[in-house]
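Encoded as C-alpha cells, the structure appears first; notes follow it.
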Number of protein chains: 2
Amino acid sequence: MMLKNHDCGTLTKQHVGQNVVLNGWVQGWRDFGGILFIDLRDRTGIVQVVFNPEFSKEALEIASRARNEYVLAVQGQVVERDPETFNPNLATGEIEIRVQQVEIVNSAKTPPFPIEDGVEVDESLRLKYRYLDLRRPEMQQTLRLRSKATKVFRDYLDDNGFIDVETPILTLSTPEGARDYLVPSRVHPGEFFALPQSPQLFKQLLMIGGIERYYQVARCFRDEDLRADRQPEFTQVDIETSFLSQEQLLTMMENLMVKLFRETIGVEVETPFQRLTYHDAIHKYGSDKPDLRFGLEIEDVTDIVKNSDVKVFASVAASGGVVKALNAKGCASWSRKELDDLQPFAARYGGKGIAWITVKDGEWRGPIVKFFKPEEIAALTERLNVEEGDLLTFSADKLKTAADVMGNLRLKVGRELGLIDNSRFKFLWVTDFPLVEWDEEAKRYVALHHPFTRPHDDDLHLFDTDPGAIRAQAYDIVLNGYEVGGGSMRIYRRDVQEKMFAALGFTMEEAKERFGFFLDAFEYGTPPHGGIAFGLDRLIMLLAGRTNLRETIAFPKTASATDLLTDAPSAVTERQLDDLHIRLSAKALAAQAKAAAPQPSEEPAPQA
Amino acid sequence: MMLKNHDCGTLTKQHVGQNVVLNGWVQGWRDFGGILFIDLRDRTGIVQVVFNPEFSKEALEIASRARNEYVLAVQGQVVERDPETFNPNLATGEIEIRVQQVEIVNSAKTPPFPIEDGVEVDESLRLKYRYLDLRRPEMQQTLRLRSKATKVFRDYLDDNGFIDVETPILTLSTPEGARDYLVPSRVHPGEFFALPQSPQLFKQLLMIGGIERYYQVARCFRDEDLRADRQPEFTQVDIETSFLSQEQLLTMMENLMVKLFRETIGVEVETPFQRLTYHDAIHKYGSDKPDLRFGLEIEDVTDIVKNSDVKVFASVAASGGVVKALNAKGCASWSRKELDDLQPFAARYGGKGIAWITVKDGEWRGPIVKFFKPEEIAALTERLNVEEGDLLTFSADKLKTAADVMGNLRLKVGRELGLIDNSRFKFLWVTDFPLVEWDEEAKRYVALHHPFTRPHDDDLHLFDTDPGAIRAQAYDIVLNGYEVGGGSMRIYRRDVQEKMFAALGFTMEEAKERFGFFLDAFEYGTPPHGGIAFGLDRLIMLLAGRTNLRETIAFPKTASATDLLTDAPSAVTERQLDDLHIRLSAKALAAQAKAAAPQPSEEPAPQA
C-alpha cells in the first residue's frame, strides 16, 4: 500500500502544489454532482479529499465504494479551495486534496455510534467498543494530554536529581490488606502475592537504601466497592526524598505543578500555594479538601448561641458539639421548597437538619428567630456580616457532621450563586493533619495516614497526655476541591516510632510481628525522609476539564470493576485453578451455575 | 537536624574555603592520634570528614560514638589535604571537611555484610537485606543507569510522535494463558482477572483506535518455572505503530538504540545493523540470536558427505537431516580429554555426538578420517578452509539439533580462543522467521509468534501448498548473542487472517470463539500496523555490563519466585479467601500444615 508522508490534519496553504500521500479513516463522504468529497481523518485531524473524474476516473470509481471508517490511502495534490468553500471549522479548511490515486486499505462495518465528539452515546456502549471511542478527537486529545503530563512530571523530577525506580507489583499481603487483590502462587501452594495499594513500603526502603530521591509513575490497586470516581487500578506519581524538610519538599512540588500546568494547558498557576491547616480547613470550609475558588466561609457561632433558647443549639453546645453557620449571601429569596429541601440535604451528610433564617425587609424570619435574644441577634449580625437579602443557615452537631453538612451546603450555594470561576485552578496545601484519631469500635487510637507518619517535633510531649491532639507532618494537595495528592514526612527515630506504636496500643514486639522486615530495615541507619503521591488520573481529569475519571484512561473498568471490552474478569478452567492450588467456594460455584443459565439482561450500564 | 546543602561526592578543590552541611552514612572511621577520620557516604560518593579537638571538642566527642552506617549531619569547612594524603581512589580525594558541628541523626546495627562493591556475599543475604545492598555504589549506578535509559527511550519516542498509553494490568485470561497469573474477583464470585504476559492485544486495539504511535514501559508477568535470567514480573518497552513499513520501523528502532547507547554509556553503535534471515542465522551460526562479535561460521557439508562411508553422515542425510561442520581454527592441540568432552557437550543440546578431526603435521586424524574418500577430503578442505592446526567438528542430526549443537560449540570455541571483544556492542536484526511451525503433538501448525503475525506478501500463495515455508514479517533484535527485543507486522486484512486461521486448523467461527472481542475489533477499519517490544531488564544488564538480571532490578525475586526481603508470597487469612470466594486445594492445605511445623532449613539460595 501507499504509506503516508504527511498527516491529514497538518496540511495548510503552505502545502499547496505539493503531492502528498495520506492514510486515514473515512469520517464522512458526499457525492455532489458526480464529484465525491471524502473527509479523511487521522490522529492529527481531518482533511477533505476530492475525487473528480477529471483527475482520475479510476480513483473515483474505487473511492465510491468506501463507507465510513474505511481505511484509505490516497495520493494527490494539495490545492487551495475556492474562498466560498473555505471551512472555518477545520484547521485544513482552506485546502483540499485532488486525488490521483486511491487504495481501499481496509473496509469497516458500520460503527455502533458515530465517531465524533458531542454525540450522546451510552457509556457502556462506548466502553464495549472502546477501540472506536478512542478514535474521537476528544479521547485522542485526552490521551495525548496524559502522555504529555507524565512527561512533564518525569522531566521535572529527572532534572531535580530524582531516579525512576520500578517497585514490585507482586508483593506481600499485609495485615492491613483487607482491600488487597491477591494472586495465588503456582510455585508455593497456599501462598499468595498481593497487588500493591501503593509502593509505600518500597519507597521508604529505597530511602533506607540511600537512593535519596525516588519517583515512579506507579500502578496501584484497590479492591473495593467502586464509586464513580474510583478505579480498581489507578496510577499515582509516587515520590520520596531523604534529607529534605517538609517545606523544601512542598516548594519543589509547587514548582512541579507550575511547570505541569504551563506545559500541558498553558495556564500559569499562582505560587506560593495557599496553606490551610486541617483544623482551619474543617472549621472554615467544612472539608479537608475545600474548593477555594470562592469565599463563603463557615463561621463557628457556638459561643454566641450556647445559652440560646434554641434548645438544640444549647444542648449540642453543652454536649461538646458545635454550631456552624453559613451566610448564604443573597439567598433570602429561596422558595419554601428550596428551604424545605435543606432537611434531606443535611441528612445526606448525616446531619439532623439545617436551621435557617431569611433576612428580608430588614426583618429576620424563620422558625427559630423567636427564640433569639437581641444580644444574640446582634452578635450573629456582626459575626456573619448579615445584610438585607441574606439566608443564614445553621448546623448543630458533632464537629465532623456539622462541618460536613455546612461544607457541602457551601459548595451548593457557591455553585448556585455562580461564585465558581471554572477557568481558574486554585491550589491549596492542607497541612497538620491529626496524627491519630480515636476509633470508637476498636477502643483505641488508629493512625490517620499510616503508623510511620512523623509527628510535629513540637507535639512529641502530647504522646503521654493527648495523642489525639498531635499534629502530623502530613499534607494534602488540593485543587478546586479535589484532593490530587498527599503525603507526609516519615518517622525515622526509633524512640518516636516506639511512642507511636504505644499510642496505637502495641508494644514494639507486637509491632515487629505486624510489620516484620519493614521495622528491621529501620534499624540500619534510616535517613530522615518523606514524600508525596499524586493521583494522576484525577489530575488529568482536571487538566482536561473532564468530570469522569474513565475519560482519562484508555481502557477503564466500570463501577462494578468489569472491563466491558474484554469482559474481564471471567471464569477460568479447572486446570488453571488446579495449577494454582485453589478451588472455588460454594458461593462462587453457585454464581457460575447461575451464569451458565440463560441471561435475561445485560450488565447494567455504569453510572457517570 | 542540619539538612545538607551539598552532596558528599561532588566536593572538589573548587569548594575549598566553603562552609558546607553534609548528610550521609558512615562508610568507615579511624582514630589517628586523637583525630577522628570518618568517610561519609551519600549517593554521590564519599568524602573524608575530620574531627579534631582543635576544631571542636564537642563534635569529636559526639562523632566518636558513631559506627558504620550511622547517619550523620556535619557542618564544616572544605579544606585542601596535604598532598601526601591525597587519595587518588576518591573523586573527593584532594579535599576533606574540618567539622565544626555534628549530629548523630540515626544509629545503625552492624550490617550483615560490608556496604561496598567487590565483596563476596551470598546473594540470598543481599536480597534479604536489599535495602542495605542498594547502598553499594554498583547498585546505585545500575539503578541510575536504568532510570536514565528509560528516559532516553521515552525522549526518543516522544520526539517521534509516540504517545505513552497505560494499558490494564487486571486483564482477561486467554485460552493461551497457561502461564497467566490469576487474580480472583471480589465483586464477581468465581471470576478472575489475569495479569498480562504483554500488552499485545491492547496495543493492537490502540492502533485500531487510531493512536498511530504508542509506547509504554510496561510491566509484564509470566508464571513459569524460572531460569536464572527470568523474573516473574519483568519490564518491556512496548511499541506499536500504524502506517509504517517494517523497514521504516526497524530504521527508527536502530536510531533509538544509537541514542540509547550514546546517552547512557557513551558508546557509538554502528548502523545500519547487520541483518540475517532466520534461515541464515540458524544455518551459519546455529542460533536465532547469534553473537556476531566474532566470525567462525558453521558450514553445511551434507552435500559433500551424503554418500560418505561415515555411516551416520549418510544415514542422517538420507533421512532428511543435515551434517553441520565447524572448523575450530587452531584447536588441533586440544587434549584427548577436551575432545572426549565433546560428547557430553553435544548431549546437553540433544545431540548424539560431535565427530572431530585434527589437522596436525599436514595429516587428518580422528576416528572417522579413514572412512573419507579423497574427493570428500578435498571438498571439505575447500569448504572448511582447512589449514594446519585446525580442529574440524561435525554434527549430523535434524537441522534444529545440529544447529543447536554447533551453535553452542561455536560460542564455546569463540570464548576459548578469545575471539570475543567484550567492549563491543554488536547489534543484529534476525528477520523472516517462519510464520508457523508443525507441532508433532498437536498434529497441526502452530503460530511461531502469534496468530496475528503478518506473512510476507510474496508468500501468501504458500498457504495452500506449504504453510511451513511462509516467512513472517517478524524480527528479533539481537545484541551480543542476547535477544533484546522482537516484534512483527500484524495481519490487518480479513482474507489473510482467514487463511492464517485455516492454516492453524480453525474456521473463522472457531477463531471468533477463541479470540472473541479482539477479532470483532478488526472488522471496523483496522490500519496496517506492527510493533516491537524491548526487554528492558536484559538491555540494562548488557548496558551495565552485568551478567545477572536481578542486578538490574531494585527488588527482584529469586529463581523460585520468592521475594526474600518481604517473604512474599505468603499465607493469607481465611477471611481474605472468603472475600474472594476461593478456598485452598488439599495440596495447598497440606503444604500449609507442613510449613507450620518447625523448619529444619532455610530456603535454598538462588543460583546466579
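The values are calculated or read from the model by the stated rules, or taken from the named source; none is laboratory data. Keep in mind that what you see is a predicted model, and the values were worked out from it rather than measured. All Cβ positions, glycine included, derive from the backbone under ideal geometry; neighbour counts span all protein chains shown. The accessibility values were calculated without ligands, DNA or RNA, using every heavy atom of the protein model including side chains. Shrake-Rupley method; radii C 1.70, N 1.55, O 1.52, S 1.80 Å.
Assorted remarks:
- Threshold 40 Å², the range A:21-41 residues less accessible with all protein chains present than alone (1.4 Å probe): A:Trp25
- Distances, shortest first, from the label point of B:Asp458 to those at the same position in the other copies read 8.0 nm; the point lies 7 Å along Cα to C-beta.
- Between the range B:262-332 and the range A:1-57, the alpha-carbon center distance in angstrom: 50
- Entries of B:Lys352/B:Lys400; B:Lys289/B:Lys311; A:Lys148/B:Lys4; B:Lys400/B:Lys499; A:Lys306/A:Lys373; A:Lys398/A:Lys443 with Cα pairs more than 22 Å apart: B:Lys289/B:Lys311; A:Lys148/B:Lys4; B:Lys400/B:Lys499
- Distances in nm from B:Val16 to the matching label points in the other copies, shortest first (labels 7 Å along Cα to Cβ): 7.0
- Computed from the Cα positions only, the extents of the protein assembly as shown along the three principal axes stand at 128, 103, 66 Å, in decreasing order.
- Shown for A:Thr547: label points 7 Å from Cα along the beta-carbon vector, and their distances to the equivalent points in the other copies, 6.3 nm in ascending order.
- Fraction of C-alpha pairs exceeding 25 angstrom in the range A:329-478: 49 percent, rounded to a whole number.
- Derived from the Cα gyration tensor, the three semi-axes of the equivalent ellipsoid of the range B:449-532 are 23, 17, 12 Å, largest first.
- Protein heavy-atom surface of chain B, 1.4 angstrom probe: 48% of the accessible area is carbon and sulfur, with nucleic acids and ligands not counted.
- Over every Cα atom in the range B:232-350, the radius of gyration and the widest Cα-Cα span, Dmax, amount to 20.7, 59 Å.
- Positive minus negative residues near B:Gly161 (Lys, Arg vs Asp, Glu; Cβ under 11 Å): -1
- The value of relative contact order for the range B:431-529, using C-alpha pairs under 8 Å at least six residues apart, is 26 percent.
- The ellipsoid that matches the Cα gyration tensor of chain B has semi-axes, each √(5λ) in whole angstrom, of 51, 36, 26, with the longest given first.
- The Stokes-Einstein estimate for the range B:294-417, based on a Kirkwood radius over Cα pairs and taken at 4 °C with 1.567 mPa s viscosity, is a diffusion coefficient of 91 µm²/s.
- Annotation for the B:A interface, with buried accessible surface near 10800 Å², both sides summed [1.4 Å probe; non-protein components not counted].
- With Cα atoms, 0 to 90° folded angle of helix A:586-596 axis to chain A main axis: 30
- Cβ-defined net charge surrounding B:Ile38, 14 Å radius [Lys, Arg +1; Asp, Glu -1]: -2
- Note on B:Arg583: accessible area approximately 110 square angstrom, rounded to 10, probe 1.4 Å, nucleic acids and ligands left out.
- Derived scalar couplings ³J(HN,Hα) [the range A:312-327; Karplus, 6.51 cos²θ - 1.76 cosθ + 1.60; whole Hz; x for Gly, Pro]: 5, 5, 5, 6, 4, 4, 5, 9, x, x, 10, 10, 10, 10, 10, 8
- Helical runs assigned H by DSSP (4 residues or longer) give chain A a calculated mean residue ellipticity at 222 nm of -8500 deg cm²/dmol, each run adding -39500 (n - 2.57) before division by the residue total.
- Counting only the Cα atoms, the range A:13-106 fills a convex hull of 91 Å³ per residue.
- Accessible surface, the protein assembly as shown, averaged per residue in Å² (probe 1.4 Å): 41
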